[in-house]
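The values are calculated or read from the model by the stated rules, or taken from the named source; none is laboratory data. This structure is a prediction, so every number in the text was calculated from the model and none was measured. No Cβ is skipped: glycine too gets one built from the backbone with ideal geometry, and neighbour counts run over all protein chains shown.
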Amino acid sequence: MKTSFHLAYHVHDLDASRKFYGTLLGCREGRSTDTWVDFDFFGHQISLHLGEPFKVTNTGRVGAHMVPMPHLGLVMSMPDWKALAERLSGQHVDFVIPPSIRFEGEPGEQATMFFLDPSGNPIEMKGFADLDKVYST
């Protein structure tokens, strides 16, 4: 079964979120009201509602990093990941974890980068050379 996920979470400012998700990340805007906005987040639906975002702590140990928890993530093909990493680096995004490779040479080898939206919500983008190996152990 191939499906898309829906995730709704809080942001402080819808205009800043529109610039970040729409302009910077290139996500198509969907429906909205004065208190929320939907985006097509790379084929998935996110709904950003005005409110207090989740408390975030760097408590997720992954390899040599302590990653922000909770976080939203996306798995991408390596060419798409590289293109996004170049675009974000060119826009001087302040990375929590800059674009890098982790688990190099291991079954779960992946590219990763972490950054925050304007409300401090962490986002991880992963890239895999072979999407069939996302769950390799």
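Residue-level check: of (1) in a strand (DSSP E or B); (2) within 13 Å of the chain's Cα centre (by Cα); (3) within 27 Å of LYS2 (Cβ to Cβ), TRP81 misses just (1). So, in the range 46-64, of the ones that are aliphatic (A, V, I, L, M) and in a strand (DSSP E or B), which residue ends up farthest from the chain's Cα centre (by Cα)? In this case the residue turns out to be LEU50.
Restricting attention to the range 85-135, the residues that are under 11 Å from the mean Cα position of the chain (by Cα) and part of a helix (DSSP H, G or I) total 0. The lone criterion from (1) in the same structural domain as ARG87 (by TED's automatic domain parsing); (2) in a loop (DSSP other than H, G, I, E, B) left unmet by VAL67 is number (2). Contact map, the range 22-43: residues that are of a type in the set (D, E, K, R) paired with residues that are part of a loop (DSSP other than H, G, I, E, B), Cβ distance under 6 Å, separation 6+ or inter-chain. Pairs shown: ASP40/CYS27. Residues that are of a type in the set (A, V, I, L, M) and in a helix (DSSP H, G or I) were ranked within the range 1-45; the one that is nearest to the chain's Cα centre (by Cα) is LEU24.
Looking at PRO118, PRO70, just one residue is touching a residue at least 60 places away in the same chain (Cβ under 8 Å) and under 21 Å from VAL11 (Cα atoms), and that residue is PRO118. A count restricted to the range 112-130 and to residues that are under 17 Å from ARG61 (Cα atoms) and either of a type in the set (Lys, Arg) or surrounded by fewer than 19 Cβ atoms within 10 Å (Cβ to Cβ) (or both) stands at 1. Picking from residues in the range 89-111 that are in contact (Cβ under 8 Å) with a residue 12 or more places away in the chain and among the small types (Gly, Ala, Ser), the one that is surrounded by the most Cβ atoms within 10 Å (Cβ to Cβ) is ALA111. Taking the range 39-67 as the range and being more than 15 Å from VAL11 (Cα to Cα) and aliphatic (A, V, I, L, M) as the test, the residues that pass are VAL62, ALA64, MET66, VAL67.
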